[in-house]
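Trainee: Okay, here's the structure, questions in a sec.
Derivation of every value follows stated rules applied to the coordinates shown; laboratory data play no part. Only a predicted model underlies this, so the values are computations on that prediction, with no experimental measurement involved. For neighbour counting, all protein chains shown are included, and Cβ atoms are generated from backbone atoms with ideal geometry for every residue, glycine included.
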Amino acid sequence: RRVRVRAAPELCPPGSKVSAAKDLCEYCPAGEWQDAEGQSSCVACPVGHFQSAAGNVSCEACESGKYSSIVGSGECSNCLGRISSTSSAVVCDVCDRGFYRLNRSTFASPAACTPRINGATCGWNTTLSTLELNVGRWRLSPDSPVATSCQEPHAAERCVGGTDAGVD
């Protein structure tokens with residue numbers, strides 16, 4: 001949108017650019033920014049970043065759980081169920097809390113992110129081998145998707161939980 005910020009040839013302020021006719025300053029549109037004065041163009045926000053308002057001097061990073069794969073984006077998109085992302089993400093490429101994937105080479109997708117196993121905790125970006133077993137649980141190996149309940153006596157002392165529970 002064209003707004004008479006200042007009459008050219010005075011320098012247009014940051015967040016704007018000189019119009020093509022060089023008679024007005026125009027605010028940089030959403031998805032673009034400019035941090036210097038007197039410029040003839042605005043800069044598009046890079047992927048993983050956005051700017052939702054006109055007239056700004058910078059872009060913001062997409063927060064964790066959101067992404068932007070488009071240059072010049074005015075908003076970030078939410079990751080779909082079971083998957084998440086780091087901040088400044090271009091794609092959603094990790095499993096969300098409460099879900100795990102087989103290993104790091106398995107692409108995170110709603111189908112590949114499995115709900116946590118009973119007796120374990122899944123933090124953000126968990127794989128089968130990094131599952132945290134609850135106290136009183138064990139499994140045969142870090143590759144086992146089964147967390148078995150320890151039997152008394154002294155189950156809490158013998159089965160301390162963690163990522164290597166049951167591994168000698």
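Trainee: Show the residues, 5+ positions off or on another chain, whose built amide H is closer than 5 Å to the amide H of GLY55.
Mentor: CYS28
Trainee: I would also like to ask the following. Between PHE107 and GLU75, how high is the FRET efficiency from 1/(1 + (r/R0)^6) when r is the Cβ-Cβ distance and R₀ = 25 Å? Nearest 0.05.
Mentor: 0.50
Trainee: Let me ask you something else. Once label points are set 7 Å from the Cα along Cα→Cβ at both SER129 and ARG97, what is their separation, rounded to one decimal in nm?
Mentor: Between SER129 and ARG97, the simple spin-label model gives 2.6 nm.
Trainee: Charges at C-beta only: +1 for Lys and Arg, -1 for Asp and Glu. How large is the resulting dipole of the chain about its Cα centre, in Debye rounded to 20?
Mentor: It works out to roughly 380 debye.
Trainee: Moving on. How high is the FRET efficiency from VAL160 to VAL57, r the C-beta distance, R0 45 Å, rounded to 0.05?
Mentor: Using R0 = 45 Å, I get an efficiency of 0.30.
Trainee: Could I ask something else about it? Say each of SER40 and ALA21 gets a label point 7 Å from the Cα, pointing the same way as Cα to Cβ; how far apart are those two points in nm?
Mentor: A separation of 1.8 nm, rounded to one decimal place.
Trainee: What Cys residues in the chain have no fellow cysteine's beta-carbon under 4.7 angstrom?
Mentor: CYS122
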